[in-house]
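Just below is one structure, and these are the notes that go with it.
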Amino acid sequence: METVFPIAVRSTDLDGQRHVNNAVFFQYFEQARLAHIARLGFLPTYAPGDGPRHSIAIAETACRYKAPAYYGDTLLVTVRTREVRQRSFSLTYEVRREADGVLVAEGESAQVWIDEQERPTPLPDAARRSLEASLGA
């Protein structure tokens, strides 16, 4: 299963050359990643309160830039689950301009599930099942 997340390029996303700044693509990945895991039915718990808290830490991320994007573009970020391990999972990203389908960027990220002490901990069973079900779907 893949998640397609639309993003409207804002003026604040641009750099001095008037195209989307390279660092902004990691924000696009983050927004799409959260939409993907929400769609899979689980979200980490960040807020303080009763009960165990778990969250996701980014262990590694990368982006390859293929074409510029500009103010006014709508970008479609497609997220796919690539791998599920005991304490982590990896995702891939593909960013295309909606108007013409041009590949603007692609990337990947590795996420580690962490506990309240910020130590790696096994993925909850429900999260693991959802992620595994999304592989290659």
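Restricting the calculation to Cα atoms, the chain yields a radius of gyration followed by a Dmax of 15.9, 48 Å. Positive-end ranking of 99, 19, 120 along the dipole of segment 2-134, with charges on Cβ about the Cα centre, is headed by 99. Ordered by the count of other Cβ atoms within 10 Å of each Cβ, fewest first, 89, 42 give 42, 89.
For the chain, the longest principal axis of the C-alpha atoms and the axis of helix 125-134 are separated by about 40°.
Compute the signed sum of charges (Lys and Arg +1, Asp and Glu -1) over the other residues within less than 13 Å, Cβ to Cβ, of residue 96. If you can, show how the numbers build up before the last one.
Details: positive: 66, 97; negative: 2, 73, 94, 98, 100, 106.
Overall, the nearby charge balance is -4.
Let me spell out the model: positive unit charges on the Cβ of Lys and Arg, negative unit charges on the Cβ of Asp and Glu, origin at the Cα centre of the chain. What dipole size does that give, in debye rounded to 20?
On the way: 16 positive and 18 negative charges, 33 e Å.
That gives a dipole near 160 debye.
The shape of segment 75-114 comes out prolate: with a ≥ b ≥ c from the C-alpha gyration tensor, a/c is at least 1.5 and a/b beats b/c.
Bear in mind these aren't lab numbers, they're just calculated from the coordinates by the rules spelled out. As the structure is a computational prediction, the values presented were derived from the model and not from experiment. Glycine gets a Cβ as well: all are built from the backbone with ideal geometry, and neighbour counts include every protein chain shown.
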